[in-house]
1. Normalise the Cα radius of gyration of the range 1-73 by 2.2 N^0.38 Å (N = residues in it) and let me know the number.
2. So what is the relative contact order of the chain, in percent, for Cα pairs below 8 Å that sit 6 or more residues apart?
3. For a Förster distance of 41 Å, can you work out the FRET efficiency between the beta-carbons of GLN40 and THR364, rounded to the nearest 0.05?
4. P(r) tail for the chain, what percent of Cα pairs lie past 31 Å?
5. Any idea of ARG12's accessible area? Nearest 10 Å², probe 1.4 Å.
6. Hey, if we sort SER50, SER229, SER340 by accessible area with the 1.4 Å probe, largest down, what's the order?
7. Given DSSP loops and a limit of at most 14 other Cβ atoms within 10 Å, what is the longest stretch of the chain that contains no such GluC sites (Glu not before Pro)?
8. One quarter of the convex hull surface, Cα atoms only: what value does that give for the range 362-453 in nm²?
Amino acid sequence: MAAKPSIPKGTRDFSPVEMAKRNYIFNTIRDVYHLYGFQQIETPSMEMLSTLMGKYGDEGDKLLFKIQNSGDYFSGITDEELLSRNAAKLASKFCEKGLRYDLTVPFARYVVMHRDEITFPFKRYQIQPVWRADRPQKGRYREFYQCDADVVGSDSLLNEVELMQIVDTVFTRFGIRVCIKINNRKILTGIAEIIGEADKIVDITVAIDKLDKIGLENVNKELADKGISEEAIAKLQPIILLSGTNAEKLTTLKTVLADSEIGIKGVEESEFILNTLTAMGLKNEIELDLTLARGLNYYTGAIFEVKALDVQIGSITGGGRYDNLTGVFGMAGISGVGISFGADRIFDVLNQLELYPKEAVNGTQLLFINFGEKEAAFSIGILAKARAAGIRAEIFPDAAKMKKQMSYANAKNIPFVAIVGENEMNEGKAMLKNMETGEQNLVSAEELIETLLK
C-alpha cells in the first residue's frame, strides 16, 4: 500500500476558492501600490547565502533555509570535519545558496546590481513568497507571501507618510479595523544612551520587541541575562510603559531624551510623520508605541507595525527605514524605507471576520447545460458572445444527466445556468435559470448578457 502523501509543516495547499480570496488580497494591495506610483519587480526564490547571512541578526540567520549544493558536495570536506558533526560549519561547506527570508535584502542586492538602470528615487513593489525555518503555529508559517513596497534614494519623511497612507487605504478597502503602531530606532538608541547601555542597543531592542508576546517580567529577565544592569533596567521601565496621547508621549520624550542628540532626532522625525498624517486624516488609529522595536538589525529610523483590532493575531504589516542596507553590498549612501503586508495573516483575518466581497470569491458566473452535440454547438455560439462581454462562463463538457450537471453548478456556486433544448434552439434563445431564486426566463443572447452584466 502506497504511503499517504503529506506536505512539510508550516506550508499549505490552497483550493480554488482560497486562491480566489488570495488573489483578491494581492490585487487590492497591487492596485493601491499603483495609485502611489510603485512599479513591480521580481527576484529569484534563492539567493547566495553570502547575500542573506548577517542581515537579520543571529536569530534570523538560524531561520534561513539553506540549499544543498548539487554534485559531490563532500569533496573538500575532511573526515575530521564530517565526524565533528558541527552542523553550522558543515552547512557553510556544502550550502552556497538559501531561500530568501524576506524581500528587502534581495531588493537591496537588486538595487546594487542594477544601479545603472534605475532612476532614483526608485519606488518598487514585490509580491512573492518567502521562507523561514520557524516553528509553525497559528498565523506563523514556514512558507508565506509578502507584499512589499520600498522607496530607495530619498531621505524625505514624506515617503514614510505615504507608506502609512498606503497601509490605511489597503485596510480600509479590506474593511479591517487596525492600529498602526509607529516608533523610531533613533529613539530607542537614545534610550539606550541615557540608561548607560549604548553598546547593548541590539539586545535591548530584541528584548522589548517581545513585550506583547512574553510580558514585562520575562523581558526584564532577558535584559538581565544579556548583561544589562539592574539600574539600567529600572530606568527603562517608565519609558517602555509610557502612556497618553501621541502628543503627550512626544512631549515627555523631548524631556527624557534632552541629552541624546540621536534620540531627539528620532522624536522630531516621529513628530513630523504623526502631525502630517493627522492633518491628512487617516481612517485608522495611529499610535506612537515605544515598545515597538522590530528585531531586524537593519532598521535605522522610523519603524511601523500594524495590528488587527478585531482578531487575536500577530502583526499583519510591518516595515521601517534602513539607511545603510545597500552599504553592505558596496553601495553606500542610499537610504530606503519600506513596508511589507503579511498576505497570509491578512487572509486569516479576512476569513475570521468574513469580509470577502461575494464577487471576489465567485468564479464562473454562467454554466451551459449540455444535452448533446446539436445543443452544445448552439450553446457555444452564445457562450462565445458571453465571454466576449466579459462574463465568466463555461459549458459542461459531457452530455451527462441533468442532475449531475446541476450538482456541478451548485458545488461551484455558479449563480446562473443556461438550458438549451430543442424548443429553445427553435426560438434562437436559451432558458436562463437563477440558481438562487429558481426563477427561469427564456432570453436571447443579448438579454442573457444584459442580465449577467447587471
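1. Working: Rg = 18.4 Å, N = 73, 2.2 N^0.38 = 11.2 Å.
In units of the 2.2 N^0.38 Å rule of thumb, it is 1.64.
2. Details: 740 pairs, mean separation 72.1, N = 454.
This gives 16 percent for the chain.
3. Numbers: r = 28 Å, r/R0 = 0.69.
Taking R0 as 41 Å, the efficiency between GLN40 and THR364 is 0.90.
4. Numbers: 56524 of 102831 pairs.
Result for the distance tail: 55 percent.
5. Ignoring ligands and nucleic acids, ARG12 comes out at about 60 Å².
6. Numbers: SER50 95, SER229 50, SER340 25 Å².
If we order SER50, SER229, SER340 from most to least accessible, we get SER50, SER229, SER340.
7. On the way: sites that count: GLU42, GLU117, GLU354, GLU436, GLU439.
That would be 118-353.
8. Details: hull surface 20.9 nm².
Reported value for the Cα convex hull: 5.2 nm².
The values are calculated or read from the model by the stated rules, or taken from the named source; none is laboratory data. Keep in mind that what you see is a predicted model, and the values were worked out from it rather than measured. Reconstructed Cβ throughout: ideal geometry from the backbone, glycine too, with neighbour counts over all protein chains shown. What goes into the accessible areas is simple: the full protein's heavy atoms, side chains included, and nothing from ligands, DNA or RNA. Shrake-Rupley method; radii C 1.70, N 1.55, O 1.52, S 1.80 Å.
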